[in-house]
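Structure first, then comments.
Rule-based calculations on the coordinates, nothing more; no lab input. Quantities reported herein were computed from a predicted structural model and do not represent experimental measurements. FYI the Cβ positions are ideal-geometry reconstructions off the backbone, even for glycines, and counts take in every protein chain you see.
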Amino acid sequence: MAAKIYVVFYSMYGHVYQMAQAVVAGATEAGAEVSLFQVPELAPDEALAAHGALEKRKAFAHIPIIQPEQLADADAIIFGTPTRFGNMCSQMRNFLDCTGGLWAKGALIGKVGSVFASTASQHGGQETTITSFHTTLFHHGMIVVGVPYSEARLVNMDEITGGTPYGATTLAKGDGSRQPSENELAIAKFQGAHVAKITQKLVG
């Protein structure tokens, strides 16, 4: 039986969505059954438009909105979030805060969890965003998986690039103009495949 993986993201300008697509590709190629979801938006359209995000979000408006209880159906969940002051965005935090019922039932215990992220700059909190996200996954009893250094692109020093042993990352620049690089997308794809392979061993 193929491992069932959910990729759950929030994206404002599309960077995390692009990374999510790479994660999906990697997990799918590794033989998993993969579904892509986004979490609900909290910001009004007026605020998104003021930040130049409303038009960009149309590119992934077709991706279904996930409900917290759906997480229990997956064998593994790979979360993607932009960074807000070194932490996950409020949309993702709000979604996770609605998973108390799952926690009470232990519904996510033993499932694989993994995280990827986007930051505005190289030192904008890409690692703290992921490691602080892990705290919630540990509370749910999940098995947390990152990106091992067998992914050689993590040590690419020939260009400015995201990518951490905690999870794939991309750098969006302050105005969102920088797009995920080939190196960053490759790490995200590796992460998807790595999670899929580990999950498959667990579900057997």
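Under 5 Å from the amide H of ILE143 lie the amide H atoms of GLY110, LYS111, VAL112, GLY113, each residue being 5 or more positions distant or on a separate chain, with H modelled from the backbone and absent for Pro and chain starts.
Amide H to amide H, with H built 1.01 Å from N, THR164 comes under 5 Å of THR169, counting only residues 5 or more places away or on other chains.
Go ahead and set up a Gaussian network model of the chain, Cα springs under 10 Å, then flag whichever of MET92, MET19, MET157 fluctuates most. Highest fluctuation of the listed residues: MET157. Here the Karplus relation 6.51 cos²θ - 1.76 cosθ + 1.60, evaluated at θ = phi - 60°, turns the backbone of the stretch 23-30 into coupling constants of 4, 4, 4, x, 5, 5, 5, 7 Hz, with x for every Gly and Pro. For GLY167, the shell of other residues with beta-carbons less than 12 Å away shows a net charge of -3, using +1 for Lys and Arg and -1 for Asp and Glu. Bridgeable aspartates and glutamates around LYS201 (alpha carbons under 17 Å apart, same-chain partners fewer than 8 residues away excluded): GLU29, GLU33, ASP75. A Förster distance of 41 Å, applied to the separation of the beta-carbon atoms of GLU29 and LYS173, puts the FRET efficiency at 0.90. Using a Gaussian network model of the chain in which every pair of alpha carbons under 10 angstrom is joined by a spring, one finds that among GLY174, GLY162, GLY192 the greatest mean-square fluctuation is at GLY174.
Comparing ASN156, ASN87, ASN183 in a Gaussian network model of the chain (Cα springs below 10 Å), the most mobile by mean-square fluctuation is ASN156.
Over 19 Å between Cα atoms: which of LYS4/LYS189; LYS105/LYS197; LYS58/LYS173; LYS4/LYS197; LYS56/LYS173 fall into that group? LYS105/LYS197; LYS58/LYS173, as the Cα separations exceed 19 Å there. Calculated [222 nm] ellipticity per residue, helices only, for the chain: -11000 deg cm²/dmol; basis is -39500 (n - 2.57) per DSSP H run with n ≥ 4, divided by all residues, nearest 500. With Cα extents along the principal axes in Å in mind, check (i) 49, 37, 30; (ii) 45, 40, 28; (iii) 47, 41, 33 and report the label derived from this structure. Identified label for the calculated read-out: (ii).
Between the exposed loop cleavage positions of the chain, defined as chymotrypsin sites (Phe, Trp or Tyr not before Pro) in a non-H, G, I, E, B DSSP state with at most 14 neighbouring beta-carbon atoms within 10 angstrom, the longest gap is 1-84. Charge dipole (Cα centre; +1 on Lys/Arg Cβ, -1 on Asp/Glu Cβ; no other charges) of the stretch 74-178 amounts to roughly 260 debye.
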